[in-house]
Amino acid sequence: MKKPSIESQLFEALAFAAHKHRAQRRKDVEASPYINHPIALARTLAVEGGVTDTKTLIAAVLHDTVEDTDTTFEEIGAMFGAKVADIVREVTDDTTLEKAERKRLQVEHAPHISKRAALVKLADKTSNLRDVASSPPHGWPLERKRAYFDWAKAVIDALPPVSKRLRAAFDEAYSKRP
């Protein structure tokens, strides 16, 4: 049996994520479709970071499905493999915790995550900073935007070094701090 191509696996993940996030919108002023965010992550990894690892790209597309939809890690594992589910698990917050605790734990756990998870986290924070700078969530005052930028930098600074190219993209996004 022939192994599915990278492209077909990635398109399956995109279709899965699009279905799971179908009713969700971003918090930006335009209320853009949520799926734009996972697509941006995969693009950042592949185009800006030169990442070609299929599992990393698929995990990037799926990184918010457990946190933000009814998806389970078991479902991801069954469809995309245990490694992808493990990467998604590493970058998923425990939504039963208070927001401040989740943010604290991201910084605390950052030095200990796998290379693949660190790549996804780096692309996620880069994408989020770009979004906050260009089209911030509705109603966010300047101080909240700045606090988000600084917290994202604390997370990224705690990560193991995994990609000079992606770190440069993050630093460029951070340079646009409001």
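May I ask you to give the solvent-accessible area per residue for the stretch 20-96, in square angstrom, as obtained with a 1.4 angstrom probe?
47 Å²
Specify the inter-centroid distance of the stretch 18-82 and the stretch 125-142, based on alpha-carbon positions, in whole Å.
Cα centroid of the stretch 18-82 versus Cα centroid of the stretch 125-142: 18 Å apart.
Between rounded, prolate and oblate, where does the stretch 41-144 land on the alpha carbon gyration tensor, with a ≥ b ≥ c its root eigenvalues, rounded for a/c under 1.5, else prolate if a/b exceeds b/c?
The shape class here is oblate.
Check which residues have an amide H placed less than 5 Å from Arg25's amide H, if you skip close sequence neighbours.
So Arg25 has HN proximity to Tyr34.
Using 0.36 nm per residue of separation minus the Cα-Cα distance, give me the extension gain between Arg165 and His19 in nm, one decimal.
Residue separation times 0.36 nm, minus the Cα-Cα distance, leaves 49.4 nm.
Do you know the relative contact order of the stretch 1-75, to the nearest whole percent, from alpha carbon pairs under 8 angstrom that are 6+ apart?
Normalised by residue count, the contact order of the stretch 1-75 is 35 percent.
Could you work out what % of the accessible surface of the chain is carbon and sulfur, using a 1.4 angstrom probe and leaving DNA, RNA and ligands out of the count?
56 percent
May I ask you to derive the relative contact order of the stretch 90-177, considering only C-alpha pairs under 8 Å and at least 6 residues apart, and to give it as an integer percent?
Numbers: 65 pairs, mean separation 37.3, N = 88.
Relative CO of the stretch 90-177 lands at 42 percent.
In nm², what is the average projected area of the convex hull enclosing the Cα atoms of the stretch 119-178?
Result: a mean projected hull area of 3.6 nm².
Could you work out how much longer the chain between Lys115 and Thr96 gets when fully extended? Use 0.36 nm per residue separation minus the Cα distance between them, nm to one decimal.
Working it through step by step, the gained length comes to 4.2 nm.
At 222 nm, what helix-only mean residue ellipticity would the chain give, in deg cm²/dmol to the nearest 500, using -39500 (n - 2.57) for each DSSP H run of four or more?
Working: 10 runs with 112 residues, N = 178.
It lands at -19000 deg cm²/dmol.
For the stretch 35-171, build the charge dipole from Cβ charges (+1 Lys, Arg; -1 Asp, Glu) around the Cα centre, then report which of Val107, Val162, Pro38 sits farthest towards its positive end.
Going by the Cα projections, it comes out as Val162.
Please state the charge dipole magnitude for the chain, taken about the Cα centre, from unit charges on C-beta atoms (+1 on K and R, -1 on D and E), reported in debye and rounded to the nearest 20.
Working: 29 positive and 26 negative charges, 105 e Å.
Charge dipole of the chain: 500 debye, to the nearest 20.
How big is the chain on each of its three principal axes, counting only the C-alpha atoms and giving the largest first in Å?
55, 35, 31
Top to bottom by accessible area (1.4 Å), largest first, where do Arg116, Arg22, Arg102, Arg144 land?
From most exposed to least exposed: Arg22, Arg144, Arg116, Arg102.
Rounded to whole Hz and in sequence order, give me ³J(HN,Hα) for the stretch 23-32 from the Karplus expression 6.51 cos²θ - 1.76 cosθ + 1.60, θ = phi - 60°, writing x for Gly and Pro.
Each residue's phi maps through the Karplus curve to give 9, 9, 10, 6, 8, 6, 4, 7, 6, 5 Hz.
For each pair in Lys83/Lys125; Lys55/Lys153; Lys2/Lys27, compute the distance between the two Cα atoms and list the pairs where it is over 30 Å.
Table pairs above 30 Å Cα-Cα are Lys2/Lys27.
The values are calculated or read from the model by the stated rules, or taken from the named source; none is laboratory data. Source: prediction; values computed, not measured. Neighbour counts are summed over all protein chains in view; Cβ atoms, including those assigned to glycine, are modelled from backbone coordinates with ideal geometry. Just the protein is used for accessible areas: all its heavy atoms, side chains included, with ligands, DNA and RNA removed. Shrake-Rupley method; radii C 1.70, N 1.55, O 1.52, S 1.80 Å.
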